[in-house]
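The values are calculated or read from the model by the stated rules, or taken from the named source; none is laboratory data. The structure presented is a predicted model; accordingly, all values stated were derived computationally and were not measured. Here the Cβ positions follow ideal geometry from the backbone for every residue, glycine too, while neighbour counts run over all protein chains shown.
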Amino acid sequence: MYVILVYDISEKRVGKACKLCRRYLNWVQNSVFEGEITDAKLARLRHAFGELMEGKEDSVLIYKLRTESAVDREVMGIEKLPTDNLF
């Protein structure tokens with residue numbers, strides 16, 4: 001499946017959250033990641049966030065899509081990490 005993950009994490013934990021997401025997804029913008037991921041890897045990512053987060057301070061949003069083609073993505077301004085030049 002294709003996911004878009006957005007987090008709002010306290011500054012104390014934001015570095016760990018970024019490193020965690022980079023293991024599973026592609027960085028798009030500050031606190032925004034996206035990419036293909038298996039159900040098992042998503043479960044591991046969710047579990048790791050559960051251990052990292054403080055429930056009364058932090059939040060994570062995960063948008064699940066069947067495929068990347070289901071996303072109509074528009075970038076205005078400079079794209080921070082263009083994904084079309086990876087290879």
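Brief remarks on what is shown
- Residues located in the stretch 7-30, provided they are surrounded by fewer than 17 Cβ atoms within 10 Å (Cβ to Cβ) and closer than 21 Å to ARG73 by Cα: ARG22, ASN26, TRP27, GLN29, ASN30
- Any hit, the stretch 32-47, residues being on the phi > 0 side of the Ramachandran plot and either modelled with pLDDT under 95 or part of a loop (DSSP other than H, G, I, E, B) (or both): yes
- Enumeration of residues in the stretch 36-59 that are surrounded by fewer than 17 Cβ atoms within 10 Å (Cβ to Cβ) and under 20 Å from ARG73 (Cα atoms): GLU36
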